[in-house]
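Single-structure report; data block below.
No lab work stands behind these numbers, since they all come straight from the coordinates. Predicted, not measured: the structure shown is a model, and the values here were computed from it. Neighbour counts run over all protein chains shown; Cβ positions are idealised from the backbone, glycine included.
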Amino acid sequence: MNPFTYKRATDQSGAIREVAGNANAKFLAGGTNLIDLMKMNVQQPAELVDINRLALKRIEKTPTGLRIGALASNSEVATNALVRENFPVLSEALLAGASPQLRNMATVGGNLLQRTRCYYFMDTAFPCNKRVPGSGCPAIPGFNRIHAILGASDKCIAVHPSDMAVALAALDAVVNVEGAAGARQIPIIDFHRLPGDTPHVDTNLRADELIVSVDLPSSAFARRSRYLKIRDRAQYAFALVSVAAALDVQQGRIGAARLALGGVAHKPWRALEAEKILTGAQANAQTFKAAAEAVVKDAVPQKHNAFKIELARRAVVRLLSDVAGVMTGGAA
Amino acid sequence: MSVSQQSKTTNQTKSVVGRPLDRVDGRLKVTGGARFAAEWPLENMAHAVLLSSTIANGRIKSFDTSAAEKAPGVLHVMTHENAPRLKPVFTNPAEGDAAGRRVPLQSPVVYYAGQYIAMVVAETLEQAKHAAELIRVTYDEQPPAADLDKERGKAYVPKQKVAGKPADSLRGDVDAGLRAADARVDETYRTPTEHHNPMEPHATIAAWDGDKITVYDATQYTYGVRHSVAMSFGIPEENVHVVCKFTGGAFGCKGTVWAHVPLAAAAARQVRRPVKLVTMRQQMFANMGHRAETEQHVTLGAKRDGHLTAIIHEGISHTSVYDEYVEPFSKPTHMLYACDNFKASQRLVALNVGTPTFMRAPGETSGMFALESALDELAYKLNLDPIQLRLINHADTDPDEKLPWSTKLLKESYRVGAETFGWSRRKPQPASMREGHYLVGMGMATAVYPVNHFPSSARVTIRQDGSAVAESSTHDLGTGTYTILTQIACETLGLPIERVEVIIGDTNLPKAMVSGGSSTAMSVGTSVQGAARAALAKLVDAAHADQRSPLYGASADQIVARDGRLALKSDTTKSETFTDILTRAGMKEVEGSYDTQFNDREKKFSSHAFGAHFAEVRVDRDFGEVRITRFAGVFDIGRALNMKTAESQMRGGIIMGLGMALMEETVLDANLGIIVNRDLAEYHVPVHADVPMIDIVLLENFDEPLMNELQAVVNAYAEVRARGGRAALATVVSVVGSAYRRPGARMLVTEDGQTVGAISGGCLERDAVEHARQVITSDTACVVEYDTRGDEDIVWGLGLGCNGVVRVLLESLHEGSGGARALQFVADCLRVRKSGVIATVIDAGRAINQERGAADQESGADRSTKIGARLPFDERDDEHASSAPGGLFVDALSPFDESGARIREDARVALTSGRAMTRVYEAGAGRTEIFFDVICRPRPLVVFGAEHDAAPLIRLAQTLGWHVTVVDTRARRATRERFASADSVVLCRAEDVTARFTVTRDTVAVVMTHSYLDDVELLRALLPSPACYVGILGPKQRTEKLLAQARAEGSWFTDAELARLHSPVGIDIGAETPEEIALSVVAEIKAACDGRGAGFLRDRNAPIHDERAATTAPPEFEIGAHAAARERATSVACGSSS
């Protein structure tokens, strides 16, 4: 654990100025991930700017949907009536993650920025391209049961651990950020990055930018959305594979579809090709199987995680069937 | 159980031991008042942090500690280059170099990743941690041995034994066994490395004072820490003081002294300040042992009928490259099933990991998984039920030790478990049970664990203020040691819970061994009991010697401790407080000590706890996610000292087993040899959502009759006989006037004066004991008469308002004597709950003797009388006498043929009337007085349902002397704890009632399950049964619905059967509360069974008491009718008892 300074921000622009002025400064919100990583010496910020006093907690209706403040806790969002009614997948995803104590502390902004749970990233005894660029990736020859099957590179096969972000990906969420250079909006699909040659950069957020809120556009498919998470124990475990699905089904035909997966890639994996297959098709087992095939078409297994490909396929079929209210008799 | 304890449980219904007492330390734990090792607030404390190796195999080339040494707050940086030389600690004499290699920071060699290679001591924890991260290390790295599969070729024979057995064991001829087999199973099973992960991390605070040191340590073994620290530093053990008041979980990993302990001590010596060292969770994965990975191969051979012809259990497990530990997975296979041909073989593979160690049930956990899985495979192959296969191969004696079991309720565990769990609903065909997306499976396995005990000592002090303290160096790992030791001390000392303090976890206290292997309750509990008795004996001595004490002159065996007082057993009004005794004696306190030793070399039994586990598992058929939905565990663990903590232990073990079976797995990176999932986020243990409802049944609680006095006497005599002791039986045979006890009251007196049962309210016992000891010595029988009328009241010091003459038969008991036969008959009656009459000669005149044959002359004994001779009659066979072999009584009356017939007739009268009586028979010059004692069959009441409203009914029925059985289909409710007064508590499904019970003509059944479906089943079973009364709770409409449903399911009831149905149950007394309802129900049963109308007696135009009794038992034969005319002699007749 490195020595660091701590400052409590009282206003938003002051907080942004503070972080912009120090390359080694980081915003501190719930701290449920950052503090752990600091204790394990995985991250060594020289300065923490505590933003918990900023007025970024509101969950409010907008003309087009819902705006969730970046400091709203995961618990607040999960239990919010508007969220549950209009974006059930988000509530389900949040409740599928962590534990009640952690959800009470963790914030929406922080959840988007949580780091991978790759064992090799979390332990400084190992080399890791994400932690120490260029040091190598021991996960590729090592134990990679929890690692990526989609979008990985030969530098990094880590996966993004968030459940919430997978739901947001299926809801066409937009992340509102503010930095020294002003405000901008980042669609969720562009927020996280694939590892490529720079696995140490998780997101497209600039160092001085602060997430202030997340916008959720209302839609018929958002109201009919679910989350399915498959894990090694019943609670308090990261997803081996998770799926967020949103469908607008009219008279057995799919009007609009959104499909995103967690636990399979370096970012919440939006399955655009599968969505194309679903859109306009009959809501039946055949359609769902075709969509599932499209999801894993380019999947590349590692030594210990080939099971994820079949698991993702079955999870997609199961969840799409559930959301559409169609009995498929199983994917196997 | 000794005789004295038995009398205690009989007399004191509120036994402290066994009660589900809340943890006495519970409040401290939840309020933060319980001080764990890392929480001792010492002055001027420095903090140490250990640096772990990042390679798994090699040597340290160099350190750069310069930045660390300059970092703020740093007091010292220790590496192998500057560490003090610590001496090796030998834990067994044979380990040689291994002991040396265990000593930390002594060489640059790295054996495993995570090994401590440096230590930083600083003013604060954060400073130490930061500085440790600044140390730069260069290694000469070698590829590690980190993969069991790759290293298996180097497997070797362990140097040490495997749980006390040779690594290669053979019994019989396994090849021949396999050749004789009709079916064979060959399976390989793998279990992963697993970690203990107690909540509390390992932590040590070390504080030196000159060459003396105090160590606060999180441990299972304070004396072990003391020994180890003394050895490391070459100082006498007395110089090391170890304190551990609470241990926050251990599961075996705190039974060994790991490297951080001497390092904390070395740091404290170096900086000359107290040093605190708390290990990080991540470090615990590398440095505190673990359950080793295993690969096991099990071969079973069996006949078509399921009998095992061969068992082979072999395989490998890993150890470290520098030390040896064998995970003894073949251990339970040696003894679990009956099989003549058995072979076990274990090998070790050395890996670059820390040394494994014992973890919760070492051997059983991994080994039983393999053995029991193989048995299931065999059951499937043979098309046998898994339980059936296990029953077929049940070992009636220990096949390995060739000894009988001390106790083994394994078959009962299977049966109760199957019923509790609903095993009969299982379908053995794979994937035949489905629910939605889930495949549902049911499985079971045998549980076994040896009884372990270690020598241990304790001290108990009774203080002048009437409180007491029990002390031992033992530990509370969260298991409840504080609580059960408190209970044991309280029960022994007769003190309430709040007056007894238990102090443990300190080497200044009497020595206890490691708290491991489930040994503490038995070992330390015995010591505390012994010490409490020793302290009490000193208190008794003080009272005994003091003329001012009401207990003056009383010996220890005449005194009982109760409610903070010592009292005379025979007259508890003579008592005084502990405080008074000590104050008068001028003593501040009395102290007793006890060293428990176990003689295992001459053991005559093989002692194990047995049990059976039942699980219902759901597997998502698409995803393979496994979830446990139901679990039941039935265990035969002996006596549970505290129901709550005992059940908690069982439940915790099951949860841990569930974790180990489904999710726990420590993964080593096969290339680098570093554990990848070394925290609780990635090493998965069960969370609440993974744990289903777990039904625990402890068999000591099951179907165990609450002992009434008669049963206690019978049991006590059986025990006296078993240990070859001697005893006398005192029986009240007649009472004239008023007396506390009625004829038939019995008391057993042992040769050392211990008593079970009573013959009076406490006034006659003392004298009767003296007489009893005389008859034991002379092996005779006699009748003693106590006259408590008039002036003699003073002699006996009664003052109880009794005013009568009591005659007591005293007889020495031995094999075949009249008394022994009577007790045997009583035991038979109690066992099968039948009525009976015993005719006893209590006086015989000389005339009989003259008619005697040659047999008496041969014996040379004075056969002037046959006092104590018996003739038993039971309800179904009043001709019992004729079949009694060589009946003494028949001999005695042989000259009086017509008397024999009269005696039988009178016995029948006594049996019918249910009343004891005495009669005199005269023939010629002979005269014989006979006492007819009736053993009444208690009214059998069966209460179906175990909701709260059953309790008052049971209590009331019990008060009336009825035999009460509680039957419930829900295991969690029908526990002995909830229905302490019931004679038996039975778990049974409604549809199995007729199979499980013998319902007779006098059975009374009350149905109050509150379950519609259960009630239907019960009505279907009970109405056609011979039961005389069937009551059912609930309104008439509900009962009609039940009957309609029963008829719809094919039942058909006669009018006579329906006439037995009482619904709504009870008489009309306006009952509302459960207690009132109980009164109403019991009254109805009594009235219905006695053929009475249950109205107001004032409206009755007949005598209150039934005439039947008067006619069948004429007044002249009533109790004591003859004795009224007797003289006031004390001893009236004596003679040989056989």
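Among B:L748, A:G65, B:Y594, whose Cα sits farthest toward the positive end of the charge dipole of the protein assembly as shown (+1 at Cβ of Lys/Arg, -1 at Cβ of Asp/Glu, about the Cα centre)?
Farthest towards the positive end: A:G65.
Please average, across the residues of A:309-315, the number of beta carbons from any other chain that are within 10 Å of each residue's own beta carbon, and give a whole number.
On the way: counts 0, 3, 4, 0, 1, 5, 2.
That average works out to 2.
Within segment B:1008-1075, report the GluC sites (Glu not before Pro) that DSSP leaves as loop and that have at most 14 other Cβ atoms within 10 Å.
Numbers: sites: B:E1017, B:E1040, B:E1049, B:E1057, B:E1072, B:E1075; in loops: B:E1049, B:E1072.
Filter output for segment B:1008-1075: B:E1049, B:E1072.
How would you classify segment B:940-1095 from its alpha-carbon gyration tensor, with a ≥ b ≥ c the square roots of the eigenvalues: rounded for a/c under 1.5, else prolate if a/b is greater than b/c, otherwise oblate? The partial results should precede the final answer.
Working: a/c = 1.42, a/b = 1.10, b/c = 1.29.
It comes out rounded by the Cα gyration axes.
If we count other beta carbons within 10 Å of each Cβ, what is the order of B:I930, B:I392, B:I312, fewest first? Walk me through the numbers before you get to the answer.
Details: B:I930 27, B:I392 18, B:I312 23.
Lowest to highest Cβ neighbour count: B:I392, B:I312, B:I930.
Cα gyration tensor of chain A, axes a ≥ b ≥ c as square roots of the eigenvalues: rounded (a/c below 1.5), prolate (a/b > b/c) or oblate? Can you show the working numbers first?
On the way: a/c = 2.06, a/b = 1.29, b/c = 1.59.
Verdict is oblate for chain A.
Express in nm, to one decimal, how much length is gained between B:D779 and B:K212 on full extension, taking 0.36 nm for each residue of separation and deducting their alpha carbon distance. Present the calculation step by step, with values, prior to reporting the outcome.
Details: separation 567, 0.36 × 567 = 204.12 nm, distance 6.41 nm.
Between B:D779 and B:K212, full extension yields an extra 197.7 nm.
Let me know the shape class of segment B:36-104, please: from the alpha-carbon gyration tensor, a ≥ b ≥ c as square roots of the eigenvalues, rounded when a/c is under 1.5, otherwise prolate if a/b is greater than b/c, or oblate.
Working: a/c = 2.40, a/b = 1.26, b/c = 1.91.
Since a/c reaches 1.5 but b/c is at least a/b, the shape of segment B:36-104 is classed as oblate.
With an 8 Å Cα cut-off and a minimum separation of 6 or more residues, compute the relative contact order for chain B in percent.
On the way: 2552 pairs, mean separation 106.4, N = 1138.
Reported relative contact order: 9 percent.
Using alpha-carbon positions, what is the distance between the centroids of segment B:280-318 and segment B:405-437, in Å?
With segment B:280-318 and segment B:405-437 each reduced to a Cα centre, they are spaced 24 Å.
For segment B:114-164 and segment B:1000-1040, what is the centre-to-centre distance using only Cα atoms, to the nearest Å?
69
For the charge dipole of segment B:940-1095, defined by +1 on Lys and Arg C-beta atoms and -1 on Asp and Glu C-beta atoms about the Cα centroid, which residue among B:S1080, B:A1005, B:A1094 has the Cα displaced farthest towards the positive pole?
B:A1005
How many angstrom lie between the C-alpha centres of segment B:15-60 and segment B:188-225?
9
Rounding to the nearest 20 debye, state how big the charge dipole of the protein assembly as shown is about its Cα centre with +1 on each Lys and Arg Cβ and -1 on each Asp and Glu Cβ.
Approximately 3520 debye in magnitude.
Across the residues of B:669-681, average count of Cβ atoms on other protein chains within 10 Å? Mind showing how you got there, number by number?
Values: counts 10, 4, 4, 8, 0, 7, 3, 13, 7, 4, 5, 1, 8.
For this peptide, the per-residue mean of nearby foreign Cβ atoms is 6.
Quick one: helix B:765-778 against the long Cα principal axis of chain B, what's the angle to the nearest 10°, folded into 0 to 90?
On a 0 to 90 degree scale, this one is about 90.
Stretch B:T138-B:T912 to full length: gain in nm at 0.36 nm per residue minus the Cα-Cα span? Please list the in-between numbers first.
Numbers: separation 774, 0.36 × 774 = 278.64 nm, distance 9.78 nm.
So the chain would gain 268.9 nm between B:T138 and B:T912.
Please report A:D123, A:D172, B:D175 as a ranked list, fewest other C-beta atoms within 10 angstrom at the top and most at the bottom.
Working: A:D123 25, A:D172 19, B:D175 13.
Arranged by neighbour count, lowest to highest, A:D123, A:D172, B:D175 become B:D175, A:D172, A:D123.
To test your reading of the geometry: what angle, between 0 and 90 degrees and rounded to tens, separates the Cα axis of helix B:709-722 from the longest principal axis of chain B?
Between the helix axis and the principal axis of chain B, the angle is about 60 degrees.
Could you work out how far helix B:260-271 tilts from the main Cα principal axis of chain B, as a 0 to 90 degree angle to the nearest 10?
60
What pairs from A:K276/A:K297; B:K402/B:K604; B:K165/B:K603; B:K29/B:K212; A:K229/A:K267 go past 19 Å between their alpha carbons? Can you show the working numbers first?
Numbers: A:K276/A:K297 14 Å; B:K402/B:K604 10 Å; B:K165/B:K603 17 Å; B:K29/B:K212 31 Å; A:K229/A:K267 16 Å.
Listed pairs above 19 Å: B:K29/B:K212.
Magnitude of the Cβ-charge dipole of chain B, K/R +1 and D/E -1, about the Cα centre, nearest 20 debye?
Working: 126 positive and 146 negative charges, 187 e Å.
Dipole of chain B, to the nearest 20 debye: 900 debye.
Per residue of B:618-627, how many C-beta atoms from partner chains lie within 10 Å of its own C-beta, taken as a mean? Display every interim value, and only then the final one.
Details: counts 0, 0, 4, 4, 12, 13, 5, 7, 2, 2.
Averaged over the peptide's residues, the number is 5.
Using the structure shown, list the pairs from B:K87/B:K245; A:K155/A:K308; A:K308/B:K331; B:K834/B:K1036 with a Cα-Cα distance above 31 Å, or answer none.
Those over the limit are A:K308/B:K331; B:K834/B:K1036.
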